[in-house]
Amino acid sequence: MTEAFDIVYGVNPEKSLEERHILAILVDNEFGALNRVVGLFSARGYNIEALTVAEVDPKKNLSRITVVTRGAQQTIIHIMHLLERLVPVHKVHDLTVEGPHVERELALVKVSGKGENRVEALRIADIFRARSVDATIESFIFEITGASSKVDAFIDLMRPLGLLEIARTGAAAMARGKQGL
């Protein structure tokens with residue numbers, strides 16, 4: 001198994017740059033499975049930046065966990081090896097390294113504003129293709145979907161206009177092409 005990781009990652013022990021990685025993990029949909037995966041990260045001091053989980057195959061009783069984390073190449077490989085040893089885990093893939101993938105995130109962004117700030121918030125939302133899903137005289141709730149970097153950029157532009165609250169789903173990601181997880 002180590003050779004496969006070395007080939008995919010082109011392992012360079014001297015490379016210690018921390019990079020963002022999206023891990024797709026297929027697990028049994030059972031009580032405690034998510035807790036074991038998250039516990040593995042927390043017990044070793046690894047941070048989870050985003051986490052999504054949902055049942056993907058009711059007949060086989062499988063769920064997909066998508067974890068966004070940061071770490072050096074060797075750290076990510078180590079995490080993946082540990083995940084593969086967990087009982088409810090069937091597959092672990094680092095979508096970031098394995099090839100082209102599609103990543104999307106949904107966010108709800110509440111912005112207050114009157115006058116010019118209100119007009120500017122609507123203009124920026126239009127540019128980012130964010131939809132207004134709720135509006136009052138003093139605020140909007142925008143729904144935005146896209147890559148995490150797009151969501152981040154939208155939120156950054158809303159801050160000076162009266163950003164009140166944010167709810168984010170975390171990344172959902174899938175490898176491109178005909179291969180499945």
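Summary table
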{"quantity": "Selection count where residues are in contact (Cβ under 8 Å) with a residue 24 or more places away in the chain and either in contact with a strand residue (DSSP E or B) (Cβ under 7 Å, 6 or more places away or on another chain) or among the aliphatic types (A, V, I, L, M) (or both), scope the range 35-65", "calculated": "15"}
{"quantity": "Selected residue (only one of Leu86, Leu164, Leu157 is over 30 Å from Asp28 (Cα atoms), surrounded by 12 or more Cβ atoms within 10 Å (Cβ to Cβ), out of contact with any strand residue (DSSP E or B) (no Cβ under 7 Å at 6 or more places or on another chain) and of a type in the set (A, V, I, L, M))", "calculated": "Leu157"}
{"quantity": "Qualifying residue in the range 151-170 (condition: acidic (Asp, Glu), within 16 Å of the chain's Cα centre (by Cα) and not assigned by TED's automatic domain parsing to the domain that holds His93)", "calculated": "yes"}
{"quantity": "Hits in the range 100-154 (condition: among the small types (Gly, Ala, Ser) and crowded, with 16+ Cβ neighbours inside 10 Å)", "calculated": "Ala107, Ser112, Gly113, Ala121, Ala125, Ala130, Ser139, Gly146, Ser148"}
{"quantity": "Options Ser42, Ser63: the member that is within 17 Å of the chain's Cα centre (by Cα) and not assigned by TED's automatic domain parsing to the domain that holds Val151", "calculated": "Ser63"}
{"quantity": "Residue match in the range 102-123 (condition: within 30 Å of Val38 (Cβ to Cβ), touching a residue at least 60 places away in the same chain (Cβ under 8 Å) and touching a helix residue (DSSP H, G or I) at 6+ places or on another chain (Cβ under 6 Å))", "calculated": "yes"}
{"quantity": "Residue match in the range 84-100 (condition: at negative phi and of a type in the set (Gly, Ala, Ser))", "calculated": "no"}
{"quantity": "Hits in the range 48-78 (condition: assigned to a strand (DSSP E or B) and hydrophobic (A, V, I, L, M, F, W, C))", "calculated": "Ile48, Ala50, Leu51, Val53, Ala54, Val56, Leu62, Ile65, Val67, Val68"}
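The values are calculated or read from the model by the stated rules, or taken from the named source; none is laboratory data. None of these values were measured; they are calculated from a predicted model. Note that we place each Cβ from the backbone using ideal geometry, even for glycine, and neighbour counts take in every protein chain shown.
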